[in-house]
1. Among the residues of segment 387-434, which ones are exposed (fewer than 14 other Cβ atoms within 10 Å of the Cβ) and not in a helix (DSSP H, G or I)?
2. So which residues in segment 66-84 are under 17 Å from residue 95 (Cα atoms), of a type in the set (A, V, I, L, M) and open to solvent by 40 Å² or more (accessible area, probe 1.4 Å)?
3. Determine whether residue 15 is of a type in the set (Asp, Glu) and at pLDDT 85 or above.
4. Regarding segment 227-241, can at least one residue be identified that is aliphatic (A, V, I, L, M) and either at pLDDT below 85 or part of a loop (DSSP other than H, G, I, E, B) (or both)?
5. Could you grab the pairs with beta carbons closer than 7 Å, sequence gap of 6+ or different chains, first residue in segment 56-68 and on the phi < 0 side of the Ramachandran plot, second one in a loop (DSSP other than H, G, I, E, B) and basic (Lys, Arg)?
6. Kindly indicate whether residue 330 is modelled with pLDDT under 70, among the charged types (D, E, K, R) and more than 28 Å from the chain's Cα centre (by Cα).
7. Would you pick out the residues in segment 511-548 that are hydrophobic (A, V, I, L, M, F, W, C), modelled with pLDDT of 95 or more, open to solvent by 10 Å² or more (accessible area, probe 1.4 Å) and in a strand (DSSP E or B)?
8. Here are some residues: 469, 473. Which one is modelled with pLDDT of 90 or more, over 40 Å from the mean Cα position of the chain (by Cα), more than 18 Å from residue 394 (Cβ to Cβ) and outside any strand (DSSP E or B)?
Amino acid sequence: MAKLIVTTGPLAPREIEITKDVFSMGRMPENDLELRDSLVSRKHSELIRRANRFTLYDLGSSNGTYVNKKRVDMKVLDDGDEVSVGETTFTFKDENAPPRAPEAAPEPAESELIASLYGNPNEIVKKVADLPEEYRIDVKESIARGYSFKDLKSVAAQPAAPAAPAAAAVAQKKDDRKNASSAQATDQDDRFKFLYLLGRDLSSKPTLKEVLQSALDTIFEVINAERGVIMTVDKNTGELVPQAARHRAHGSISVHEVVPSRTITSRVIQDKNFIISSDAKHDQRFQMGMSIIQYNIRSAVCVPLWEKEEVFGVIYLDNQMKTYPFEIADLHILGAIANQVAIRIKQEELFNKLKQEELTRSNMERFFSPDIAEILLKRGQAGLSPEEREASIVFCDISEFTNISEKMKPPQIAELLNAYFEMASRIILENKGSVNKYIGDSIMSVFGAPVAYEDHALRAVKAALAIQREIRRLNEKTDTRLRYHVHIGINTGEVVAGNIGSQKRIEYTVLGDAVNVAARLEKKAGPGQIVIGDRTYALVREKINCRPLGAERLKGKENEIHLFEVTGEK
């Protein structure tokens with residue numbers, strides 16, 4: 001029986017038996033093996049049994065199918081062959097197939113030459129944590145030391161020395177070691193000054209777009225690249241979005257003219273690696289990307305925009321003609337530049353977040369007291385999800401408003417309502433209630449939600465008494481024709497309180513029978529009256545004077561409710 005031993009990232013290997021003559025692999029669920037990987041095509045490849053042997057076919061995928069690290073369109077599989085599709089590796093096992101032939105060793109001279117320069121053939125991979133200390137800088141601390149732009153401006157203008165060809169570099173290594181010790185202190189000082197200047201320059205740019213373009217300009221002064229692009233991660237989609245691009249010969253160019261390998265950028269972001277591919281034509285990682293073939297990319301370097309543990313995007317540079325143009329020092333300096341850019345991006349995000357929080361706080365404080373608004377900001381949207389709780393609901397309405405408005409001109413009506421809403425809202429917020437909504441000339445407010453208070457009913461009644469007192473005071477100073485009164489209904493009971501609505505419009509509100517009863521009580525109250533239900537009365541009778549109004553069956557209610565008129569505080 002043929003089978004695949006599947007390995008995906010850090011997950012434990014698993015075995016899949018191939019029980020069909022045609023076995024498909026791809027990103028869509030209808031495949032026999034679904035691979036949830038952006039590097040995998042919808043229908044990527046197939047295994048087909050012929051004459052008791054399995055043949056692997058690539059189905060025209062964008063990023064290719066690989067057998068033993070070589071891209072194939074079709075191959076009859078041997079026992080032990082390693083198949084790579086995107087980020088997933090399979091070991092093919094079949095007792096009916098001959099064993100996989102051993103791979104030929106590379107030419108010793110070539111492998112030793114490249115390894116002496118770059119460690120592994122065609123690539124250099126380093127973690128951001130491995131960035132040398134001399135490439136790390138605290139800009140604020142450096143400014144405090146007194147370095148000036150005038151003193152340092154010549155440092156960034158120094159062009160990078162061209163990279164030596166591979167063979168010449170090997171011959172030069174011994175001479176370089178002799179001078180390394182004496183030059184080390186000077187090199188570190190120059191790097192420090194350069195990074196200080198860069199950090200100061202980026203901090204002074206008014207917009208993020210200017211920051212990114214300035215960073216690219218600096219990169220091209222010190223690194224031997226032909227093209228470059230800076231891409232940032234879209235927080236909503238997780239996709240990389242190009243923001244700024246540059247060509248050595250043409251200056252700023254369209255961001256769509258530089259298309260990095262998604263395989264490389266994904267690895268850089270996920271693993272927080274610095275990566276150089278010195279000869280992309282022979283680099284298996286790059287061959288999985290169509291951009292390498294389409295744009296004839298010969299060498300590339302990519303680093304994350306990183307700040308501590310967070311990655312904001314990548315800086316990608318390449319050359320279309322040169323192989324081995326990038327050195328370890330280039331990787332370090334580019335990583336340091338990326339860190340400076342990431343710090344500015346984070347500052348921008350924090351600034352925008354503070355602006356949004358301030359706007360949200362300002363909007364909240366129109367309906368909630370400042371301390372409640374602060375609590376809600378800390379909770380976030382999750383803290384306002386619907387929940388059951390006891391609350392007191394207050395409806396406050398202007399009596400005979402239609403008759404009053406007939407005696408007034410529209411500007412006078414607007415002035416009266418604005419003054420009434422302003423006064424009533426202020427008193428509600430002072431008593432830790434929340435203004436839920438304005439309905440015509442009526443205000444609906446809630447006490448005990450979204451922040452719970454044990455004495456929510458008492459707070460609601462005290463707020464109603466304060467509103468009535470303020471209206472009496474204002475009426476004493478107002479023309480008789482313009483005087484008005486309000487009638488207030490208060491009820492306490494179980495409600496559902498939280499954010500309710502659609503994706504396009506959502507608001508915090510309370511729902512339930514207790515709300516409907518409060519609205520009915522407001523209709524029962526006369527001008528200047530405050531009418532409460534029996535539950536509210538039970539909670540406030542020790543501190544509030546009330547007069548029984550008898551029992552009534554309100555509209556929509558089966559049972560009678562005892563009503564009380566609030567006459568004042570004890």
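The values are calculated or read from the model by the stated rules, or taken from the named source; none is laboratory data. Since this is a predicted model, take the numbers as computed values, not measurements. Heads up, the Cβs are rebuilt from the backbone with ideal geometry, glycines too, and the neighbour counts pull from every protein chain shown. Heavy atoms of the whole protein, side chains included, go into the accessibility calculation; ligands, DNA and RNA do not. Shrake-Rupley method; radii C 1.70, N 1.55, O 1.52, S 1.80 Å.
1. Listed by number, the residues that qualify are 387, 388, 400, 407, 409.
2. Within segment 66-84, 76 is the sole residue that qualifies.
3. yes
4. Quick first cut of segment 227-241, residues aliphatic (A, V, I, L, M) only: 229-231, 233, 240-241.
So of that shortlist, the ones also either at pLDDT below 85 or part of a loop (DSSP other than H, G, I, E, B) (or both) come out as none.
Checked segment 227-241: no residue is aliphatic (A, V, I, L, M) and either at pLDDT below 85 or part of a loop (DSSP other than H, G, I, E, B) (or both).
5. 59/43
6. Details: modelled with pLDDT under 70: no; among the charged types (D, E, K, R): yes; more than 28 Å from the chain's Cα centre (by Cα): yes.
So residue 330 does not fit the description; no.
7. Listed by number, the list holds a single entry, 546.
8. Selected residue: 473, the only one of 469, 473 that is modelled with pLDDT of 90 or more, over 40 Å from the mean Cα position of the chain (by Cα), more than 18 Å from residue 394 (Cβ to Cβ) and outside any strand (DSSP E or B).
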